[in-house]
1. In this structure, does V294 turn out to be in contact (Cβ under 8 Å) with a residue 24 or more places away in the chain, surrounded by 20 or more Cβ atoms within 10 Å (Cβ to Cβ) and hydrophobic (A, V, I, L, M, F, W, C)?
2. Of all residues in segment 261-280, count the ones that are at pLDDT 90 or above and in contact with a Gly (Cβ under 8 Å, 6 or more places away or on another chain).
3. Consider S299 carefully, then state whether it is surrounded by 15 or more Cβ atoms within 10 Å (Cβ to Cβ), polar (S, T, N, Q) and touching a helix residue (DSSP H, G or I) at 6+ places or on another chain (Cβ under 7 Å).
4. Identify all residues within segment 242-274 that are assigned to a loop (DSSP other than H, G, I, E, B) and under 16 Å from V365 (Cα atoms); write none if there are none.
5. Which of the residues that make up segment 241-269 are among the basic types (K, R), more than 40 Å from the chain's Cα centre (by Cα) and within 25 Å of V302 (Cα to Cα)?
6. For G198, only one of the following conditions fails: (1) small (G, A, S); (2) at pLDDT below 80; (3) in the same structural domain as K246 (by TED's automatic domain parsing). What is its number?
Amino acid sequence: MRPRPAPKNHVPLYRRPPEKHAPRVYGISPRLFYPVFAGLFATNVLTALALLLMPEVSALLDGRDRQTIGAYEDRIAQLRVEVDRLHSRQFAQTGDINIQLQELTQQQEVLLEQQQLVTQLAQKAQSMGIAVAPDAIDALPTTVSAIPLPADSKVGNLDKVSATMMRMASENRLALAALSESASASTEEIVDTLGRLGIKTKLPDLTNDGLGGPYLPAEASEDSSSLVDDANAVFAALRRFGAAQKALDDAPVHKPLAGQYRISSGFGNRTDPFTGGRAFHSGIDFAAPRGKTVLSAGSGQVSFVGERSGYGNTVEVTHAGGIVTRYGHLSAFIVSVGQSVATGTPIARVGSTGRSTGPHLHFEVRRGDRALDPNAYLNAGRMLAPFLPDIG
């Protein structure tokens, strides 16, 4: 059955929406895309080349490159300067080290000579009887082998060696100062002791020694005096001590008998062995056996040989300053009048002549007509005996 056609002007109750069509795509066909892309790329390349080839752009880029290269060149130049400076400093230090090594070698030789000089002066002083402090001399090495120069030549090691040498040089000067002080003190002790006995000691006047040379201004120096000046001071002190020692050797302060003998009678008032009363004894008596050798108590000249009342056989020796030593009760004479004698020279033999109760030596010290106490002279000789180690 065929459907009935809808009347005109009839509105249907339901209208079917019209069908939607798919969106329409617009674009370039692949056939056109690649040629267009290739053209654009070529155009950009050509444009870049054109810009690079332009004088202004080329100059701009070239300037930047030159600035960068210049900066690198400046830095390289600075590094080269630093390297050259380091090399120069190393060469300078090497030169300084070589110079320092040469100076240390020379200082080492001088130091050895100084130590030998100090040792010789110390030995000389000790042989003369000067008491030298052991810590001032014995602590000094006799050589400088204890401070060899370093093989690596490092600045620090060289400084240590230099400091050691300076310390040893200072010790040398301290030792010389100790020697000079000891010699001067010993000289003063001798002179003062002999002076109290009335014996004058003539010391050399060192200001008149031969000196000279052109006048030159003083040079600036850390030390006001050199080791040579210190050594000269020691030499001068030893010369003065030698003169004092000679005066001590000549002085009548030595024992008239070798060995130890008892003093049987002293100086001064005593009981007279013959009368039993009080009497003055003008000397001291040594109880020595007959024939014992009598020695001169000091250097001088024999002024009397013969017999004196109360003394028996007598020898007299005149010493410097008018001091006379008298030796009595002798059994024999060994010297004659006018003979020069030194300290310790045999002059007679012990006996018992004259006013004597038995063998002994009567010893006197006189100045003019006055008898002096011999004990003062013999005590001075004993006190100063360290300065004359060879005198018994």
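1. Yes.
2. Final tally of qualifying residues: 2.
3. Yes, satisfied.
4. The answer is A251, P252, V253, H254, K255, P256, L257, G266, F267.
5. K255 - this is the single residue of segment 241-269 that is among the basic types (K, R), more than 40 Å from the chain's Cα centre (by Cα) and within 25 Å of V302 (Cα to Cα).
6. With (1) small (G, A, S); (2) at pLDDT below 80; (3) in the same structural domain as K246 (by TED's automatic domain parsing) applied to G198, the lone miss is (2).
So that you can scan it fast, the table gives a plain yes or no per residue for (1) under 16 Å from P252 (Cα atoms); (2) assigned by TED's automatic domain parsing to the domain that holds S186; (3) modelled with pLDDT of 95 or more:
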{"position": "G322", "(1), (2), (3)": "yes, no, no"}
{"position": "T325", "(1), (2), (3)": "yes, no, yes"}
{"position": "A332", "(1), (2), (3)": "no, no, yes"}
{"position": "V335", "(1), (2), (3)": "no, no, yes"}
{"position": "V350", "(1), (2), (3)": "no, no, yes"}
{"position": "S356", "(1), (2), (3)": "no, no, no"}
{"position": "E364", "(1), (2), (3)": "yes, no, yes"}
{"position": "R382", "(1), (2), (3)": "yes, no, no"}
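Quick grid of which residues meet (1) under 30 Å from A125 (Cβ atoms); (2) in contact (Cβ under 8 Å) with a residue 12 or more places away in the chain; (3) assigned to a strand (DSSP E or B):
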site	(1), (2), (3)
G306	no, no, yes
V317	no, yes, yes
R326	no, yes, yes
V335	no, yes, no
G344	yes, yes, no
G354	no, yes, no
F363	no, yes, yes
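The values are calculated or read from the model by the stated rules, or taken from the named source; none is laboratory data. Here the structure is a predicted model, which is why all the values come from computation and not from measurement. FYI the Cβ positions are ideal-geometry reconstructions off the backbone, even for glycines, and counts take in every protein chain you see.
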